[in-house]
Amino acid sequence: MSRAVEPHQNVRFLPREHGATAMLLTAIVCAAILVREWRWSELATLTAAFAALATKEPLVVLARQRFVWKQRHPETAAAAQWFAGWVVILIVSGLVLVATWPLKAIVAMGLGVGIFSALAVVINVKNRQRSTLFQVASAVALTSSSVAICLSATGSIASWCWWLWLLMAMQATAAILVVHARLDARIALRGSAFASEHFRRAAQVSLFVLACAAVAATILRRGWIALALMVVVMAYGYDLYSQRNSAALQLPLKNVGQRAVALSSLFSVLLIMGFW
């Protein structure tokens with residue numbers, strides 16, 4: 001019995017979705033650079049955002065133990081401890097923000113985090129975490145951390161920060177749709193199903209929207225932002241084109257993810273130059 005429990009005693013309930021963590025941290029770093037100011041509340045925002053993301057993992061285990069599993073699982077005790085630890089960090093960080101943020105912002109952000117966290121737990125317990133709609137909503141929620149950083153640093157939300165959030169959410173949405181198009185193409189390659197064009201068309205629409213945004217940025221003489229958008233459009237456009245090639249579809253998903261993170265990082269750097 002001790003052998004069965006022992007592996008779970010050292011389990012660490014940290015965010016396992018590297019893409020989600022990258023979205024969160026990238027948005028925070030971009031906003032922190034662009035505000036050109038430093039306050040300790042920015043650190044509290046970082047810890048609160050990371051803790052809110054991290055609580056999902058142990059909370060999903062606790063929810064499954066309560067509503068799904070008929071017998072007690074050995075990782076449940078560790079999950080309860082990690083959940084308590086993350087909640088403590090979240091509360092301490094939240095107290096700092098309560099002292100520095102406007103009341104309306106605290107209520108809005110608190111409700112948003114609470115509702116989305118509850119939704120994330122329900123989705124994961126039902127094993128629907130691969131839902132495209134949920135992933136897009138997650139991208140919008142995670143990139144909103146840029147707004148929180150701006151509010152912590154300046155006491156208000158600058159107009160450029162709303163645009164930063166929008167552009168980062170748009171880029172993340174396009175990335176999600178392109179990946180789903182690739183997954184459909186890989187499934188069809190195995191001969192188990194016909195190739196679905198649903199996500200491919202959705203990805204193409206998202207790239208068209210990004211291209212229109214690039215044109216608008218060019219007209220407004222925002223060259224770096226236009227370049228950032230066009231780089232993404234061309235990269236994801238080439239990805240969609242290469243998905244017609246069976247050899248290109250053999251690329252491991254780990255490499256696909258690494259390539260997506262690199263592109264997102266380049267996009268973020270160009271946005272920083274554009275908003276600077």
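The values are calculated or read from the model by the stated rules, or taken from the named source; none is laboratory data. Because the structure is a prediction, the values reported are computed rather than measured. Please note: Cβ atoms are built from the backbone with ideal geometry, for glycine as well, and neighbour counts cover all protein chains shown. Quick note on the areas: whole protein, heavy atoms, side chains included, nothing else; ligands and nucleic acids left out. Shrake-Rupley method; radii C 1.70, N 1.55, O 1.52, S 1.80 Å.
Can you find, within the stretch 234-245, the residue that is surrounded by the most Cβ atoms within 10 Å (Cβ to Cβ) among those that are over 11 Å from residue 203 (Cβ atoms) and not charged (D, E, K, R)? Going through the qualifying residues, I end up with 235.
The criterion of being part of a helix (DSSP H, G or I) and farther than 17 Å from residue 19 by Cβ holds for residue 186. Collect the residues in the stretch 115-140 that are closer than 20 Å to residue 58 by Cα and open to solvent by 40 Å² or more (accessible area, probe 1.4 Å), keeping them in residue-number order. Scanning the stretch 115-140 gives 115, 116, 118, 119, 122, 126, 127, 128, 129, 130, 135. Going by the conditions given, is residue 265 open to solvent by 50 Å² or more (accessible area, probe 1.4 Å) and not in a helix (DSSP H, G or I)? Here the answer is no, as residue 265 does not meet what is asked. Answer yes or no: is there a residue in the stretch 235-244 that is more than 19 Å from the chain's Cα centre (by Cα) and aliphatic (A, V, I, L, M). Checked the stretch 235-244: at least one residue is more than 19 Å from the chain's Cα centre (by Cα) and aliphatic (A, V, I, L, M).
For residue 179, are the conditions met, namely being in a helix (DSSP H, G or I), aliphatic (A, V, I, L, M) and open to solvent by 80 Å² or more (accessible area, probe 1.4 Å)? So residue 179 fails the test. For the stretch 157-176, filtered to residues that are among the polar types (S, T, N, Q) and more than 25 Å from residue 118 (Cβ to Cβ), the residue that is surrounded by the fewest Cβ atoms within 10 Å (Cβ to Cβ) is 159. Output yes when any residue across the stretch 189-204 is among the basic types (Lys, Arg) and modelled with pLDDT of 90 or more, and no when none is. Yes - at least one qualifying residue is present in the stretch 189-204. Taking every residue in the stretch 229-245 that is polar (S, T, N, Q) and pairing it with any residue that is not in a helix (DSSP H, G or I), at least 6 positions away or on another chain, the pairs with Cβ-Cβ distances below 9 Å are 242/251. Just give me the residues in the stretch 142-159 being within 20 Å of residue 107 (Cβ to Cβ) and either within 21 Å of the chain's Cα centre (by Cα) or free of Cβ contacts under 8 Å to residues at least 12 places away in the same chain (or both), in sequence order. Answer for the stretch 142-159, where residues must be within 20 Å of residue 107 (Cβ to Cβ) and either within 21 Å of the chain's Cα centre (by Cα) or free of Cβ contacts under 8 Å to residues at least 12 places away in the same chain (or both): 144, 145, 146, 147, 148, 149, 150, 151, 152, 156, 157.
The set of residues from the stretch 48-68 being among the aliphatic types (A, V, I, L, M) and in a helix (DSSP H, G or I) comprises 48, 49, 51, 52, 53, 54, 59, 60, 61, 62, 63. Inspect the stretch 72-84 for any residue being in a helix (DSSP H, G or I), surrounded by fewer than 21 Cβ atoms within 10 Å (Cβ to Cβ), small (Gly, Ala, Ser) and under 22 Å from the mean Cα position of the chain (by Cα) and give the result as yes or no. There is no residue in the stretch 72-84 that is in a helix (DSSP H, G or I), surrounded by fewer than 21 Cβ atoms within 10 Å (Cβ to Cβ), small (Gly, Ala, Ser) and under 22 Å from the mean Cα position of the chain (by Cα). If the requirement is being out of contact with any strand residue (DSSP E or B) (no Cβ under 8 Å at 6 or more places or on another chain), among the aliphatic types (A, V, I, L, M), farther than 15 Å from residue 79 by Cα and modelled with pLDDT under 80, which of these qualifies: 31, 22, 44, 4? Just a single option satisfies the conditions, and that option is 4.
For the stretch 141-156, the set of residues classified as buried (at least 18 other Cβ atoms within 10 Å of the Cβ) and either among the small types (Gly, Ala, Ser) or outside any helix (DSSP H, G or I) (or both) consists of 141, 144, 145, 146, 148, 152, 153, listed by residue number.
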